[in-house]
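I have placed the structure first, in the form of structure tokens, so that the comments after it can refer back to it.
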Amino acid sequence: MIIPSNRNPSVTSSRNPFVTSSLNPRVTSSLNPRVTSSKNPRVTSSLNPRVTSSLNPRVTSSINYRVTSSINPRVSSSKNPRVTSSLNPNVVSSIPGLYIFDLNREVIGFTVPANERVFLRFDTDAELLGVAVYARSDFAVVFDEENEWIGYWIHARNNSWLCFDTDGEWIGFTT
């Protein structure tokens, strides 16, 4: 996968949450959902897709890629990185979406913007993993390919998001 150096946390320290404390939820409590309840979907019901149906793709068809063909990469070639090379980081160095990293700074996937509320998530081989849905400008709810809620992202700054599982465990980040 081709990652531009300005977005690579192993090269650019301002993208690395282990070097830049303002991106690290273990240091910056305002980014830690276990400390800041307004960023915890188990406490703040408006962020919880089990409570707020507008965030749940099983209930809201406009965010369900299986129902809405315009955001389905299997139907809409403009959303499919296997067909549209400008979306595929295995082909080009600058994509319109985000690179997804685990806590070891290994790239594990990328996103493709589907519409104003939905990101499609892909693995490094451009296989669809699921979606991320904006709940608000600083928070996105993450679902797997079966539309099961698996986690959430908290916006840190610019295009950096911190990735958490449903239990609030920090599992990765994006740039």
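A few notes on this one:
- Residues of the range 1-38 satisfying the condition of being basic (K, R) and under 23 Å from T111 (Cβ atoms): R7, R15
- Test for N6: is it farther than 16 Å from C163 by Cα, in a helix (DSSP H, G or I) and of a type outside the set (S, T, Y): yes
- Residue satisfying condition, being of a type in the set (D, E, K, R) and under 19 Å from D123 (Cβ atoms), within set R58, R26, R50, R7: R7
- Qualifying residue in the range 151-161 (condition: of a type in the set (V, I, T) and more than 21 Å from N56 (Cα to Cα)): no
Since every read-out is calculated from the coordinates, none of them should be taken as a lab result. Computed from a predicted structure; not experimentally measured. Methodologically, a virtual Cβ is constructed for each residue, glycine included, from the backbone with ideal geometry; neighbour enumeration extends over all protein chains shown.
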